[in-house]
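First up is the structure itself, then whatever we jot down about it.
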Amino acid sequence: IPVLEIQHGAIHRAHEGYVYPRSFRTANNTWLRRHIAVYREVDRDVLVAAGWDDAQIHVTGNPRYDQISNASRARTQRMLELDGDTQVLLVTSQPVREYQRLLCTLLTELTAIDWPDWKVVLKLHPLEQSVGHPYHELVRTRPNVCMVATEQPSLPELLAVTDLHLTVHSSVAFEAEYFGIKTLFLRSGTVGEQISSLVTNERIVASCDEVA
């Protein structure tokens, strides 16, 4: 049965979900005959360099971009109770303990600083609803932090009010780039470097001082 896979998240040269060791490619050649729809030409280039057949790869764009044109800045400001002068730091988390620990530590330090014109909007990954996260105390004790744990506002709507994006390894960096928003990748080994190399408007940070 022919299979067409749709890209989910970021593709980079160390992603074991897309880039396989030579021994696996040899032993599982039937599985590797599937086709894949990818977001961008740079994603195709990563796969070709990893041994994929170029004829199997189709650059279709990101389906989530269809929502971008409908994103309402005013609606999102109302939902998050933001006034027109408030600047937004969007933080996209992921269900990885080490990433959560790094983000929680940084945000605890960062939100202790007096930033009267800034609001931190923490967007949970859908899986964090079931696997848990360490942000409850941060949100409870920091009035300048709010958490979005549902599908509303949507990511495009959140990006419509965002001035700066912070993450460890989220592919939301691609959508942020579409909006002209800079992404700060919080260093976690070489993880941030792997995805940051695929984004042009970015910077890798390792501390609160580098963000502030």
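The values are calculated or read from the model by the stated rules, or taken from the named source; none is laboratory data. Everything quoted here is computed from the prediction, not taken from an experiment. Cβ: placed from backbone, ideal geometry, glycine included. Neighbour counts: every protein chain shown. The protein model used for the area step is the full one, side chains on, heavy atoms only, and it has no ligands, DNA or RNA in it. Shrake-Rupley method; radii C 1.70, N 1.55, O 1.52, S 1.80 Å.
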Give the residue, chosen from GLU151, GLU128, that is open to solvent by 50 Å² or more (accessible area, probe 1.4 Å) and of a type in the set (Asp, Glu).
-> GLU151
Report the residue count in segment 163-192 for those that are more than 11 Å from the chain's Cα centre (by Cα) and either in a loop (DSSP other than H, G, I, E, B) or hydrophobic (A, V, I, L, M, F, W, C) (or both).
-> 12
Does segment 67-103 hold any residues that are within 30 Å of CYS208 (Cβ to Cβ) and in a helix (DSSP H, G or I), and which are they?
-> ARG73, THR76, GLN77, MET79, ARG97, GLU98, TYR99, GLN100, ARG101, LEU102, LEU103
When both residues are 6+ apart or on different chains and their Cβ atoms are under 6 Å apart, which pairs have a first residue that lies in segment 161-177 and is open to solvent by 20 Å² or more (accessible area, probe 1.4 Å), and a second that is part of a helix (DSSP H, G or I)?
-> HIS169/VAL191; HIS169/ILE195
Tally, over segment 194-212, of residues that are in a loop (DSSP other than H, G, I, E, B) and modelled with pLDDT of 85 or more | 2
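Considering only residues of segment 105-133 that are within 13 Å of CYS208 (Cβ to Cβ) and outside any helix (DSSP H, G or I), which is modelled with the lowest pLDDT? Lay out the reasoning, then the answer.
Of all residues in segment 105-133, those within 13 Å of CYS208 (Cβ to Cβ) come to 105-113, 115, 120.
Still in the list and also outside any helix (DSSP H, G or I): 111-113, 115, 120.
Working: THR111: 90, ALA112: 89, ILE113: 86, TRP115: 82, VAL120: 96.
For segment 105-133, the residue satisfying everything is TRP115.
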Can you pull out the residues in segment 30-77 that are touching a residue at least 12 places away in the same chain (Cβ under 8 Å) and of a type in the set (D, E, K, R)?
-> ARG33, ARG34, ARG40, GLU41, ASP43, ARG44, ARG64, ARG73, ARG75
Kindly list the number of the only condition in (1) among the acidic types (Asp, Glu); (2) farther than 20 Å from ALA206 by Cβ; (3) out of contact with any strand residue (DSSP E or B) (no Cβ under 7 Å at 6 or more places or on another chain) that fails for ASP117.
-> (3)
Over segment 94-109, the set of residues touching a Pro at 6+ places or on another chain (Cβ under 8 Å) and open to solvent by 30 Å² or more (accessible area, probe 1.4 Å) is ARG101
Just checking, how many residues over segment 67-76 are open to solvent by less than 50 Å² (accessible area, probe 1.4 Å) and in contact with a Leu (Cβ under 9 Å, 6 or more places away or on another chain)?
-> 3
So, first residue more than 20 Å from SER171 (Cβ to Cβ) and of a type in the set (Val, Ile, Thr) in segment 91-114, second residue at pLDDT below 90 and surrounded by fewer than 16 Cβ atoms within 10 Å (Cβ to Cβ), Cβ within less than 9 Å, six or more apart or across chains; the pairs are ILE113/ALA212
Across (1) closer than 29 Å to TYR18 by Cα; (2) modelled with pLDDT of 90 or more, VAL145 clears everything bar (1)
